[in-house]
1. May I ask you to say which residue of Glu115, Glu79, Glu93 is assigned to a helix (DSSP H, G or I) and modelled with pLDDT under 90?
2. Hey, does region 150-171 have a residue that's in a helix (DSSP H, G or I), over 30 Å from Val287 (Cα atoms) and among the hydrophobic types (A, V, I, L, M, F, W, C)?
3. Name the single residue, out of those in region 241-256 being open to solvent by 10 Å² or more (accessible area, probe 1.4 Å) and in contact with a Gly (Cβ under 6 Å, 6 or more places away or on another chain), that is nearest to Ser163 (Cα to Cα).
4. Look at Gly58 and say whether it is touching a Ser or Thr at 6+ places or on another chain (Cβ under 8 Å), free of Cβ contacts under 8 Å to residues at least 60 places away in the same chain and open to solvent by less than 90 Å² (accessible area, probe 1.4 Å).
5. Considering each of Gly117, Gly135, Gly108 in turn, give the residue that is without any contact (Cβ under 8 Å) to a residue 24 or more places away in the chain, closer than 24 Å to Thr211 by Cα and out of contact with any helix residue (DSSP H, G or I) (no Cβ under 7 Å at 6 or more places or on another chain).
6. Tell me, yes or no, whether region 33-45 has at least one residue that is of a type in the set (A, V, I, L, M) and surrounded by 11 or more Cβ atoms within 10 Å (Cβ to Cβ).
Amino acid sequence: MTTDTLSETERPAASPAFQQVSLRRKVKNNVATVLVWLSFLIAVVPLVWVLYTVIANGIKRIPYSNWWSQDFSLVLSDEVGGGVLHAIVGTLEQGLMCAVIAVPLGLGVAIYLVEYGRNTRLSKVTTFMVDILSGVPSIVAALFIYALWITTLGLPRSGFAVSLALVLLMIPVVVRSAEEMLRIVPDDLREASYALGVPKWKTIMKVVLPTALSGIISGIMMALARVMGETAPLLVLVGYSQYTNWDLFNNGQAALPLLMNNERATNSMEPGSVGFDRIWGAALTLVLIIALINLIATVVSRVVAPKKK
């Protein structure tokens, strides 16, 4: 008699699906948990220490309104007073111009790699070049723009030249983040759109991009935060100005990293001195601006994220 013809009571009892967890596996699990938490603490301690140091040393100038509304045009280099309005304007203008150029280029490259160029020779070359560009130091990008924009074309040093150098640093981050977000969009959504007769370009614009938009925005803000703190392009491509210069294409223009470098070179760094307070105040201002940008990006990402019922 085969087992198929046996009654339910005559069939052998099956072993339980879930066995008791052995002591060895419990020990391994506990050790892995401890190592993960230890790694997390090791990574967080330097971050917390840096943040505490910046806040403790830079908070002295932040609460005053003139710090946000004045520049250094009416004060001497070693005189108490003035503010960082000129540096804030330069930082925001250069970063915004960089984003205006880098985001469409980076997003276009990511769309090509994911939607059109899968396993093609051009896509492989493009990926290779993006990998190379992501490892280029900021000083190399600055020297390249200097050789092209200033030496070859004869154009002046300006904040726009800084933006061009920052574009080279921002594009690979935008490409990589956007590419990953586009890849996680389910192919079922694309196939459903194609089945309804929607062209591919419209499927990308109406289905793929809105689905991945939340993650793309987060990646763009991460790339922008990275380039806004770069110093090398500022040192090479624009001169420091104590005045508020709203013109991105002419004359010197300050930025928060450039202001910190200038104060370090011209003033004493003794705790409590004017230069010390200005440098740490500018550092905390830059941290606050980047934090505000990321907060706005988080809110926008949640608003545009696909709604789940």
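The values are calculated or read from the model by the stated rules, or taken from the named source; none is laboratory data. The structure displayed is predicted, hence computed values, not measured ones. Heads up, the Cβs are rebuilt from the backbone with ideal geometry, glycines too, and the neighbour counts pull from every protein chain shown. Remember, those area values only see protein heavy atoms, side chains included, never the ligands or the DNA or RNA. Shrake-Rupley method; radii C 1.70, N 1.55, O 1.52, S 1.80 Å.
1. On the way: Glu79 fails: assigned to a helix (DSSP H, G or I); Glu93 fails: modelled with pLDDT under 90.
Going through Glu115, Glu79, Glu93 in turn, the sole match is Glu115.
2. To start, the set of residues in region 150-171 that are in a helix (DSSP H, G or I) comprises 150-152, 159-171.
With over 30 Å from Val287 (Cα atoms) added as a condition, the list becomes 150-152.
If we keep only those that are among the hydrophobic types (A, V, I, L, M, F, W, C) as well, we get 150.
Yes, there is a match, as at least one residue in region 150-171 is in a helix (DSSP H, G or I), over 30 Å from Val287 (Cα atoms) and among the hydrophobic types (A, V, I, L, M, F, W, C).
3. Here is the first cut: in region 241-256, the residues open to solvent by 10 Å² or more (accessible area, probe 1.4 Å) are 241-252.
When the remaining residues are screened for being in contact with a Gly (Cβ under 6 Å, 6 or more places away or on another chain), the result is 241, 248, 252.
Details: Ser241: 17, Leu248: 9, Gly252: 14 Å.
My answer is Leu248.
4. Working: touching a Ser or Thr at 6+ places or on another chain (Cβ under 8 Å): yes; free of Cβ contacts under 8 Å to residues at least 60 places away in the same chain: no; open to solvent by less than 90 Å² (accessible area, probe 1.4 Å): yes.
The answer is no for Gly58.
5. Values: Gly117 fails: out of contact with any helix residue (DSSP H, G or I) (no Cβ under 7 Å at 6 or more places or on another chain); Gly135 fails: closer than 24 Å to Thr211 by Cα.
Within the list Gly117, Gly135, Gly108, the selection yields Gly108.
6. At the first step, the residues of region 33-45 found to be of a type in the set (A, V, I, L, M) are 34-36, 38, 41-45.
If we keep only those that are surrounded by 11 or more Cβ atoms within 10 Å (Cβ to Cβ) as well, we get none.
No.
Yes/no matrix, rows are residues, columns are (1) over 22 Å from Val162 (Cβ atoms); (2) touching a Gly at 6+ places or on another chain (Cβ under 8 Å):
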| residue | (1), (2) |
| --- | --- |
| Met205 | yes, no |
| Thr231 | no, no |
| Arg264 | no, yes |
| Leu295 | yes, no |
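Results for (1) surrounded by 10 or more Cβ atoms within 10 Å (Cβ to Cβ); (2) outside any loop (DSSP other than H, G, I, E, B); (3) at pLDDT below 90, shown as yes or no for each residue.
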{"position": "Ala17", "(1), (2), (3)": "no, no, yes"}
{"position": "Lys26", "(1), (2), (3)": "yes, yes, yes"}
{"position": "Trp68", "(1), (2), (3)": "yes, yes, yes"}
{"position": "Leu74", "(1), (2), (3)": "yes, no, yes"}
{"position": "Ile88", "(1), (2), (3)": "yes, yes, no"}
{"position": "Cys98", "(1), (2), (3)": "yes, yes, no"}
{"position": "Pro104", "(1), (2), (3)": "yes, yes, no"}
{"position": "Ile111", "(1), (2), (3)": "yes, yes, no"}
